[in-house]
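The values are calculated or read from the model by the stated rules, or taken from the named source; none is laboratory data. Just so it is clear, the structure is predicted and the values come from calculations on it, not from any experiment. Virtual Cβ from ideal backbone geometry, glycine too; neighbours counted across all protein chains shown.
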Amino acid sequence: MAIRQLPPNLINRIAAGEVVERPASVVKELVENAIDAGASRIDVTVRGGGLQLIRVSDDGAGMNARDLELAVERHATSKLKGEDLSHILTLGFRGEALPSIGAVARLAITSRAQEDADAYRIEVDGGRKAPLKPAARAPGTDVEVRDLFYATPARLKFMKSERAETAAIADAVKRLALAHPEIAFSLSNGERTTLRLEACPPGLLDHALSRLGRILGAEFVEDALPVSAIRGTVQVEGYAGLPTLHRPNGLSIYLVVNGRPVRDRLIAGTVRAAYGDLVPRGRYPMVTLFVDIPPEEVDVNVHPAKTELRFRDANGVRSLLIGAVREALAGAGHRATASLAQDALQRMRPVDGPSPSLEGEARVYQSQPRAHWGASRPSYRPPGNMAFSDRAQAPLEQAHLDQAPLEGVAVPSADMRGGAAPEAVAGAYPLGVARAQVQDTFIIAQTGDALVIVDQHAAHERLVYERLKRGFENGGVARQLLLIPDIVELAPEAIDSLLGATDALERFGLVIESFGPQAVAVREVPALLGTCDTRTLLDDLAGILLEAEDGSGANALRDRLDHVLSTMACHGSVRAGRRLTPEEMNALLRDMEKTPFSGQCNHGRPTYVELKLTDIEKLFQRR
């Protein structure tokens, strides 16, 4: 077959496929043009998910007659000075958006330059340009796109529902609005305005947080941690949500580089890595980061849609972001999301009719749906199960909890179990003073103005995990010798994988040796774990080794360091169902207060919920 030159109209439609993927792509390109034009207000109107109509109006610099005619020609731009593609200071510079849109839709542009008295209008219908004609308009630009993809009907088959396309448009507008809070934005469907954002005053962190409240909600503003770091010529600022504030997808991760909202995989993956095990698997944190970097240090010309970037020093940027986010998270200490309490309170409602266990007209409040406390437990237990038991309890190992006294403040003891401690005692600590243990699983503590419910296993798991990490970073996890070696039988392949990684396991505090063809002898275990289920622990570690692609036990354990330590911490933590003494419960609370990230366990689940007294009073209609 002979080679032939494609006609211009077909070339334009092919090029349009690279820039105009869906209606949201059109909105993004047109809003970016308005931003580059210096607009202080941008109004977006869409109908039919953007397929019927997209209108973007701005009060920017506008265009004179000559510029308007050139604007719809391919590769014509006012945003690139000279031929230097390494110093891009605008959002658009390719000169492809308007001609590409005009090739697949009915495009009309009305514009008036700020210094001109007259406005002009030009139309492009499926790639056919009409003559320029006079129009009426205040300074600025209106761009109308009708019947998107009518010239390429095959593309319409790949569009999603009107609801999905409208949601994608809203997301594009929100990301641009977040990147430029100094500009007022509105988004409407022709009948009602679905988003209205007024311009925010200068000051990045202040006005960004104000606009974030409109985009991500007041919940994020309440639980946002300021992020700020600088290294050389690269600076990052923004906000990171608490680890207990997460979503089922990554749409709440907002990344802005030099004023350009991006969906760069490097940065998104870096943000996820910064949270690590603080967020449950399959969930995503809520983060907004603004990165300022010299234009010559980043290539924005990687993708036609300009949503991906290439950094000259990718590792340096990654390191800066991870360090900045982790520093912010560490500074939060044990703090957990305030919405946890609201979620818990909202799940409580009055039960119609009296409780079977009560007489008279009393009404009880219970969780809806009903909490499952274990089918094997009786429906009623003696009061000793709901408060501090008088009978002696086997204390936790010293390695489990720090039994140090509470700095001279009296803790609930035998003479205090019948009444409340002084208010000053309860309010002396962020997590308060232990009052009871429910079902040998949850610690109930009282602060000066709240009730705190702690999951003892989840909380202790995080404490042990953080101590294991510190021990490993300081040269190796401390070990304790077992008086009688623990003989563990496992599958032959599991035994082989463990024996092949004995040196690495020893640094993790676990010393094993062969004991026949299907067993190993455990000689030493991490001191922090005390008496743990060594068989289950070894079985889990063998699974990690067997999953390694390279077959190298040592490398597999090092590469999955956090997973290994998390597994060990889970097996070495105080379990649900373990009755604790008052001293042990208070020691756990004090350790939580001084341990970073103790607001969530190694799997990202919250370790405690704080219910404010005022909210509890409202629940019982006392306010």
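Would you check which residues across region 428-453 are within 30 Å of the chain's Cα centre (by Cα) and farther than 19 Å from Thr581 by Cβ and list them?
Listed by number, the residues that qualify are Pro430, Thr447, Asp449, Ala450, Leu451.
Surrounded by 16 or more Cβ atoms within 10 Å (Cβ to Cβ) and at pLDDT 85 or above: is that true of Asp503 in this structure? Spell out the reasoning first.
Numbers: surrounded by 16 or more Cβ atoms within 10 Å (Cβ to Cβ): no; at pLDDT 85 or above: yes.
Considered against the rule, which asks whether it is surrounded by 16 or more Cβ atoms within 10 Å (Cβ to Cβ) and at pLDDT 85 or above, Asp503 comes out as no.
Could you tell me which numbered condition Thr244 fails, if it satisfies all but one of (1) farther than 22 Å from Leu176 by Cα; (2) assigned to a strand (DSSP E or B); (3) of a type in the set (Val, Ile, Thr)?
The number of the failed condition is (2).
Taking the conditions exactly as written (surrounded by 15 or more Cβ atoms within 10 Å (Cβ to Cβ) and at pLDDT 85 or above), does Val452 satisfy them or not?
Details: surrounded by 15 or more Cβ atoms within 10 Å (Cβ to Cβ): yes; at pLDDT 85 or above: yes.
Yes.
Suppose the filter is crowded, with 16+ Cβ neighbours inside 10 Å, of a type in the set (Gly, Ala, Ser) and either touching a residue at least 12 places away in the same chain (Cβ under 8 Å) or under 30 Å from Arg22 (Cα atoms) (or both); does Gly238 pass it? So that I can check it myself, show each step before the final result.
On the way: crowded, with 16+ Cβ neighbours inside 10 Å: yes; of a type in the set (Gly, Ala, Ser): yes; either touching a residue at least 12 places away in the same chain (Cβ under 8 Å) or under 30 Å from Arg22 (Cα atoms) (or both): yes.
When the stated conditions are applied, Gly238 passes them.
Is there a residue being part of a helix (DSSP H, G or I), modelled with pLDDT under 70 and within 22 Å of Val257 (Cβ to Cβ) anywhere in region 23-30? Steps first, answer last, please.
So the first thing to find is which residues in region 23-30 are part of a helix (DSSP H, G or I), and the list is 23-30.
Of the ones still in play, those that are also modelled with pLDDT under 70 are none.
No, because not a single residue in region 23-30 is part of a helix (DSSP H, G or I), modelled with pLDDT under 70 and within 22 Å of Val257 (Cβ to Cβ).
Residue-wise test of (1) modelled with pLDDT under 85; (2) surrounded by fewer than 20 Cβ atoms within 10 Å (Cβ to Cβ); (3) touching a Phe, Trp or Tyr at 6+ places or on another chain (Cβ under 8 Å).
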| site | (1), (2), (3) |
| --- | --- |
| Lys469 | yes, yes, no |
| Ile495 | no, no, no |
| Val525 | no, no, no |
| Leu528 | yes, no, no |
| Glu547 | yes, yes, no |
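Restricting to region 268-304, count the residues that are in a helix (DSSP H, G or I) and on the phi < 0 side of the Ramachandran plot. Even if it seems obvious, please write down each step before you answer.
So the first thing to find is which residues in region 268-304 are in a helix (DSSP H, G or I), and the list is 268-278, 295-297.
Among the residues that remain, those that are also on the phi < 0 side of the Ramachandran plot are: 268-275, 277-278, 295-297.
The qualifying residues number 13.
Counting only residues that are within 16 Å of Glu182 (Cα to Cα) and either of a type in the set (Phe, Trp, Tyr) or not in a strand (DSSP E or B) (or both), how many does region 34-60 have?
So in region 34-60, the residues within 16 Å of Glu182 (Cα to Cα) come out as 34-43, 58-60.
Still in the running and either of a type in the set (Phe, Trp, Tyr) or not in a strand (DSSP E or B) (or both): 34-40, 59-60.
Of the residues in region 34-60, 9 are within 16 Å of Glu182 (Cα to Cα) and either of a type in the set (Phe, Trp, Tyr) or not in a strand (DSSP E or B) (or both).
I need the full set of residues from region 177-197 which are assigned to a loop (DSSP other than H, G, I, E, B) and aliphatic (A, V, I, L, M), in order please. Write out each step before concluding.
Here is the first cut: in region 177-197, the residues assigned to a loop (DSSP other than H, G, I, E, B) are 180-183, 189-192.
Answer for region 177-197, where residues must be assigned to a loop (DSSP other than H, G, I, E, B) and aliphatic (A, V, I, L, M): just Ile183.
Return the pairs, sorted by first residue and then second, in which the second residue is assigned to a strand (DSSP E or B) and modelled with pLDDT of 85 or more, the first residue lies in region 247-267 and is on the phi > 0 side of the Ramachandran plot, the beta carbons are less than 7 Å apart, and the residues are 6+ apart or on different chains.
Going by the 7 Å Cβ cut-off, the qualifying pairs are Asn258/Asp292.
If a residue has to be in a loop (DSSP other than H, G, I, E, B) and surrounded by fewer than 23 Cβ atoms within 10 Å (Cβ to Cβ) to count, how many in region 131-176 make the cut?
Quick first cut of region 131-176, residues in a loop (DSSP other than H, G, I, E, B) only: 131-132, 136-139, 147-152, 157-161.
So of that shortlist, the ones also surrounded by fewer than 23 Cβ atoms within 10 Å (Cβ to Cβ) come out as 131-132, 136-139, 147, 149-152, 157-161.
The total comes to 16.
Condition test on Ala458, is it touching a strand residue (DSSP E or B) at 6+ places or on another chain (Cβ under 8 Å), modelled with pLDDT under 90 and in a helix (DSSP H, G or I)? Explain how you work it out, then say what you get.
Working: touching a strand residue (DSSP E or B) at 6+ places or on another chain (Cβ under 8 Å): yes; modelled with pLDDT under 90: yes; in a helix (DSSP H, G or I): yes.
So Ala458 fits the description; yes.
Would you mention how many residues in region 570-618 are outside any loop (DSSP other than H, G, I, E, B), hydrophobic (A, V, I, L, M, F, W, C) and surrounded by fewer than 17 Cβ atoms within 10 Å (Cβ to Cβ)? Show your work before the answer.
Our first condition is that a residue be outside any loop (DSSP other than H, G, I, E, B); within region 570-618, this holds for 570-572, 582-594, 600, 606, 608-618.
Next, only the ones that are hydrophobic (A, V, I, L, M, F, W, C) stay: 570, 585, 587-589, 592, 609, 611, 613, 616.
Then drop every residue that is not surrounded by fewer than 17 Cβ atoms within 10 Å (Cβ to Cβ), which leaves 613.
Here the count works out to 1.
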